[in-house]
Amino acid sequence: MTDRTRDLLQGTLDMLVLRALLDEPLHGYALVHRLALISGGRLSVPQGSLYPSLHRLENQGMLKADWHDTPSGREAKFYRITAKGRRHLDSQIAEWKELSQAVALALGLAT
């Protein structure tokens, strides 16, 4: 895998994580399930990829995290999107739309 491909995949995962956290704060395990749900079961994010994304976004100020009890009684770190994260997500969605339209055109898939 090239560095460019890795960066694209990392950026895409970060965007998906931010999107998944728009509705409510979630802990990592619940976030994996939310990503699967909002993708119609097409995305399966391994925890080994998810947690670096969460830490990166938290370090960049896109997410805040707090420890809370889960419904099962265990303590977990819940992540929520910040105002900075919302602005970044809006920007990333606009860029994604433009890129996906350009790729569709180039592949002859646009109508």
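Tell me which residues, restricted to the stretch 67-97, are part of a strand (DSSP E or B), touching a residue at least 40 places away in the same chain (Cβ under 8 Å) and either of a type in the set (D, E, K, R) or under 15 Å from LEU16 (Cβ atoms) (or both).
Passing the criteria: LYS77, TYR79, ARG80, ILE81.
Which is touching a Lys or Arg at 6+ places or on another chain (Cβ under 9 Å), surrounded by 15 or more Cβ atoms within 10 Å (Cβ to Cβ), within 21 Å of ARG87 (Cα to Cα) and aliphatic (A, V, I, L, M), of LEU54, LEU22?
Going through LEU54, LEU22 in turn, the sole match is LEU54.
Among all residue pairs at least 6 apart or on different chains, which show Cβ distances below 9 Å where the first residue, located in the stretch 36-56, is touching a residue at least 12 places away in the same chain (Cβ under 8 Å) and the second is part of a loop (DSSP other than H, G, I, E, B)?
That search, which allows pairs on different chains as well, returns SER53/VAL45; ARG56/MET62.
Looking at this structure, is VAL17 surrounded by 14 or more Cβ atoms within 10 Å (Cβ to Cβ) and at pLDDT below 95?
no
The values are calculated or read from the model by the stated rules, or taken from the named source; none is laboratory data. Model, not experiment: these values are computed from the prediction. When we count neighbours, we look across all protein chains shown, and the Cβ atoms used for this are built from the backbone with ideal geometry, even at glycine.
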